[in-house]
1. Could you pull out the residue among Ala36, Ala52, Ala9, Ala5 that is out of contact with any helix residue (DSSP H, G or I) (no Cβ under 6 Å at 6 or more places or on another chain), at pLDDT 50 or above and among the small types (Gly, Ala, Ser)?
2. For region 157-179, which residues satisfy the criterion of being outside any loop (DSSP other than H, G, I, E, B) and surrounded by fewer than 22 Cβ atoms within 10 Å (Cβ to Cβ)?
3. In region 118-144, how many are modelled with pLDDT of 85 or more and among the small types (Gly, Ala, Ser)?
4. Any residue in region 288-297 that is surrounded by 15 or more Cβ atoms within 10 Å (Cβ to Cβ), hydroxyl-bearing (Ser, Thr, Tyr) and out of contact with any strand residue (DSSP E or B) (no Cβ under 7 Å at 6 or more places or on another chain)?
5. Within region 237-292, restricting attention to residues that are aromatic (Phe, Trp, Tyr) and out of contact with any Gly (no Cβ under 6 Å at 6 or more places or on another chain), which residue is farthest from Asp141 (Cα to Cα)?
6. From Ala185, Ala147, which residue is farther than 21 Å from Glu263 by Cβ and either hydrophobic (A, V, I, L, M, F, W, C) or at pLDDT below 90 (or both)?
7. Taking the condition at pLDDT 85 or above, assigned to a loop (DSSP other than H, G, I, E, B) and exposed (fewer than 15 other Cβ atoms within 10 Å of the Cβ), does Gly398 pass?
Amino acid sequence: MSTPAEGTAGPDASPRSMPSRRRWRRAPGCPTWCAAARALDATLVLSDRAGAVVAVAARSPADERAVVAGGEGIEELELRLADDLVGRLHMRARSEAPVGVVRLVATLVAGEVERLRAPARASQEAAAEFLRSLLDRELPDRDAVLARAGELGVALEEGGSVVVARAHAHAPTDDGWRARVLAAAERGARGAAPDALAAALQISASAGVEIVLLLPGADDARAARAAEGVLRELQAGLPGHTFAVGRSRVAEDAAELARAGAEALLAANVAEGATSGVLAFEETGAYRLLLPAMSEDPAELKRFYADTIAPLAAYDTQYETDLVRTVEAYLDNDANVAATAQTLYTHRHTIRYRLERVRELSGLDMGSTDGRERLSLGLKAMRVLGVHRPGGPATEAGVSAGRVPPRPP
C-alpha cells in the first residue's frame, strides 16, 4: 500500500489542541485513523508489520521524522488481532490519555490496518500460490503458465528468470521480520525489474526465510542487476542477518521456468558456502552436474552426503572440531599439508591428526585419489542440499554457548 497523500486540516483537526496550519497525512477514507488522532491528542505514525508507513498525523514533517526515529517521549504500541502482529503505532502524546482509551484506540486502528491491507495480502497470497505451482511443475504446459501469469498482470511470453534469496537471523527477531525480508527483497528487485513478482516460499530444508522472485523477460543483465539490488536492500534493511542470493539462467520458454527455479535454488545453496552473497547458476562450476540429482532424485544425493560428510559434520557439532573445514582446505590446497596448515593457522601435526580422524569416521582415505574424489563430491552434495557447514556450537553465528543440534538435509 502506498504512503497516503497529504491533505489540509479540516474537521479532523481539533482547533483547541493544534494550530490552524496543522496538516494531516492519512489513509483516504479512514475515519478510524482520524478519530484515533483526535482521541489521543497525539502525533501518530502508523506502520504495517513490514515497517512501511501507512499513515501519519503530525504538525510538520520534522515532527513526523522525530516520532519515527523514536526516543524519549515516544511510545510504540504493537497492533495485534487474534495474537497476530499487524502493525505498530508510534505515538507522542501532548496530553495524558486514559489507559483504557489507548487500548481501545489501538484495537480499532489494528482492525483498520487489516482492512486496508487486505487487498495487498490477497495479492501476495495469489503470487505465492502461482510461484509454488510453477516451481512444483503443477502447470502442465506453456499456455497454462502464461494464463496464470496473465491473471496476475505478469507477461511471460518472452520467458524469464528466477532469483532465490535466503536470510538467516543471528539475533532475536520480532514477529514481522519475515515480512521485512520479503519487502526488502521485493524492493531491491523492482529497482531493476519493476514487473518482478515476489513471494515468501519455503522451497528447501533451510531454517532461513526464503524469497522467490520471478523476473519476466529474457534480459540476463537486468536479472543480474535485480539480484544485486535484492542483496543490497537486504543488507541495508536487516542488520544482524546473513544472506545468500542465487540467480538462474534465463528461460526463454515459460514452460522452462520450473527448471530455472531449481537452478536458482542450487545457486543459493552454493552461495551460502562461498564468500560472495550473489551467485549465478553459470558460476556454480561442477555443482551444475548435481542439478539433475537434486531435482529428480534428492534422496540419492542425501544418501551420498550421509555416506561421506555427514559423520564428520556430526562429530564437529558434538566436539566443536573442524574436520569438515579441514577437508575443504586440504582439497583447496591440492592435498598439501603445509599449505592447509597455513590456511587454517594451525600446526601440520594437527592437520595430519584430523585427516586420520576423517579416515576413521568416514572410511575414506584423503591420501588416495578415490577418497579425495568422494569427499569432494560429498562436500558438493552438502552445499547443493543446503546443509550448513558445521562449526561447533561455540562458532555458530549468534550462539554464545550450549549445544546446537545438527541441521538435517
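1. Ala52
2. Listed by number, the residues that qualify are His168, Ala169, Trp177, Arg178, Ala179.
3. So the answer is 5.
4. Taking region 288-297 and keeping what is surrounded by 15 or more Cβ atoms within 10 Å (Cβ to Cβ), we get 288, 290-291, 293-295.
Keeping just the survivors that are hydroxyl-bearing (Ser, Thr, Tyr) gives 295.
If we keep only those that are out of contact with any strand residue (DSSP E or B) (no Cβ under 7 Å at 6 or more places or on another chain) too, we end up with 295.
Within region 288-297, one or more residues are surrounded by 15 or more Cβ atoms within 10 Å (Cβ to Cβ), hydroxyl-bearing (Ser, Thr, Tyr) and out of contact with any strand residue (DSSP E or B) (no Cβ under 7 Å at 6 or more places or on another chain).
5. Looking at residues that are aromatic (Phe, Trp, Tyr) and out of contact with any Gly (no Cβ under 6 Å at 6 or more places or on another chain), I get Tyr287.
6. Details: Ala185 fails: farther than 21 Å from Glu263 by Cβ.
None of the others qualify; the one that does is Ala147.
7. In short, no.
Conditions tested, residue by residue: (1) hydroxyl-bearing (Ser, Thr, Tyr); (2) crowded, with 17+ Cβ neighbours inside 10 Å; (3) modelled with pLDDT of 70 or more.
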| site | (1), (2), (3) |
| --- | --- |
| Ala57 | no, yes, yes |
| Ser60 | yes, no, yes |
| Ala69 | no, no, yes |
| Gly73 | no, no, yes |
| Leu79 | no, yes, yes |
| His90 | no, yes, yes |
| Val102 | no, yes, yes |
| Ala106 | no, yes, yes |
| Ala110 | no, yes, yes |
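The values are calculated or read from the model by the stated rules, or taken from the named source; none is laboratory data. Bear in mind that the values here come from a model prediction, so they are computed numbers and not experimental data. No Cβ is skipped: glycine too gets one built from the backbone with ideal geometry, and neighbour counts run over all protein chains shown.
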